[in-house]
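Data block below; observations after.
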Amino acid sequence: MLSRTRMKGGKKEIDPEELMRRKFRAKCMFRALGRMVMANAYWLIEGIDEYEGLEDVKRRVEQAVRGKSKKKQLLSINDKALLNKAAHERTEAERKYLYRIIGGLKCFKRYPNHVKKKLAAVTYYKYYGPGRTIVRQQQEAHAMYFIVSGDVVVTQMIFDELLQKHVSVEVGSMHTGDMFGEVSLLHNIKRTATVTTVDHCELLLLIREDFKNVLQASVQKQWDEVQNAMSAFTYFDAFDEVSRRDGCIVAKMKSYEANETVLGDGVGVPNFVYFILSGQCQMIESIQVTVETHLGKNYYKLYDPYVPPKESEQDLDTKYFGAYQNKSKDSDVKEEISIGKVQSSAKHSIHLAETSTSIAGSYKKKSSILKPDSGPESVEYEEGIRHSTESSRLLVHSQTGSDSGIKEKDLLKPAEQGFRESIRLSVVPEIVRQTPKNIRTYFMQVCQFNPGSTFGFGENMRDRRIIALTQMDCMLLPSIWLMQRNAANIWSRIKHYLDKKIPSKKQLFKEFVSTRRWETYREQIVSDVVSRTNTVNWTTVHDVPYSIRIEEMTDV
């Protein structure tokens, strides 16, 4: 290799080509540094608490607005700078400090303390702005990521048989506390999906070598746990290795304590299917019942404001075929009625034309808005031809015998001034729903779910919630992921089975009435037997233990 330098006057002279290469390399490094600063300006600028300078007012305004709108940061600028430091250069004190900071983050709560200490020593801080791609499908994997703050969306390229091309399909999203990228490192494969940021995202990065040394054993344990859970259900026997691997990626393992709400009342993971691994849970439904007492007896009636009353055939005839009730079978009578309708329609059309002319002529006069004599509608007005047209419609409506009760004289009155303001006509019905006064709410057990059961396929959950009876462990899988792998229509059949087997609200009400009648009959029999005896019994309901009374109590 030829030397790029030569001696001249006791000094080294650099070859011009080498000098140009050094200058170009320095220029590229400077540009890379500028791009890095611009990309990280979002979190670098937050360290400035007070800007000193009187001339830059725009910077002061931006700082004031940013300070009010931005949320409290989990990591300070010093913590982020320390996390960008090389792992082998961090001192023992810095590692302990990072352990205290990182150990409390949501994304690390799943790991034991000895794993957290190792992670604090080898993780790096990474920031991505909105719309940035973090990992791309079919690329080599070099690291895994923990989401400190922000949201990301996960997409996959799937071949569409209809379009005959690959399309990007959104398969899920991840939020603060989630991690991704471990699958490719664990199985030494290429990226299985593309992850794109939704907003400003702060991540912690763990490179491949550190993953093998620190986290591979823990991730493998979680992976085996999900695989064992899937093997416990025969639904997944037909899944291939790729589908099982994808299931382990999207699955969630959840544990619930006794009397904890699993699903319903705004609690639970939406759009996920629950597979019970251990424990029991029950479905509770609330029903509203009106109680009326007549001659010493209680009469119950189900009240459900969301379901309209069932229409009989007579109601349908009145609703949809009422116009044909006055027709006679005699053809002469039909002819007379038709002639009378033609004449009345002709007179009515002439009357409408006169009304429209009078409205158009008085358009420039000032109007007065009047309320109708009766009916639940409210009337307002609009201008011009639309006014005359809608007014004519309302006149027709009033003359054909409707219940609105709006008369012709109520629509427009003679104006007092020489002009008329813009008018708008609208009829808004007022629907008033009256709630019965003697209404009571009861909670009834609908069914029980044992290990091996599943729910959350989209069955009816109105007024229902699922409560854990004992300590319970569940595996959760996204419903959209299952429907995409609906071999032999298995998931649709399970949903149909649940809809058929779970009692409806009316069936629960019948069971409620039957139970109440039996309790009334039992109390009557007991009172009759006790009244025939001469023995004095001083036992009261307060002598029964609370636990037994709570279990037998049905009126909640």
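Only the coordinates and a few stated rules stand behind these numbers; no lab work does. In this text, all values refer to a predicted model and were calculated from it rather than measured experimentally. Don't worry about glycine lacking a Cβ; one is built from the backbone with ideal geometry, like all the others, and counts go over all protein chains shown.
The table below gives the values:
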| quantity | calculated |
| --- | --- |
| Rg and Dmax of the range 166-227, Cα atoms only, in Å | 13.3, 37 |
| Whole-Å semi-axes of the range 507-556's equivalent ellipsoid (Cα gyration tensor) | 25, 18, 5 |
| Size of the range 91-152 as Cα extents on the principal axes (Å, biggest first) | 37, 23, 23 |
| Pairwise centroid distance, computed over Cα atoms, of the range 440-496 with the range 237-281, Å | 10 |
| Order of H200, H496 - criterion: other Cβ atoms within 10 Å of each residue's Cβ, fewest first | H496, H200 |
| Long pairs among K165/K212; K126/K165; K85/K212; K117/K212, criterion Cα-Cα beyond 27 Å | K165/K212; K126/K165 |
| Over 23 Å (Cα to Cα) - which of K106/K221; K252/K505; K96/K254 fall in this group | K252/K505; K96/K254 |
| Intensity falloff of the range 94-201 expressed as log10 I(q)/I(0), Debye formula with alpha-carbon point scatterers, at q = 0.14 Å⁻¹ | -0.63 |
| Convex hull volume of the range 470-556 per residue (C-alpha atoms, cubic angstrom) | 166 |
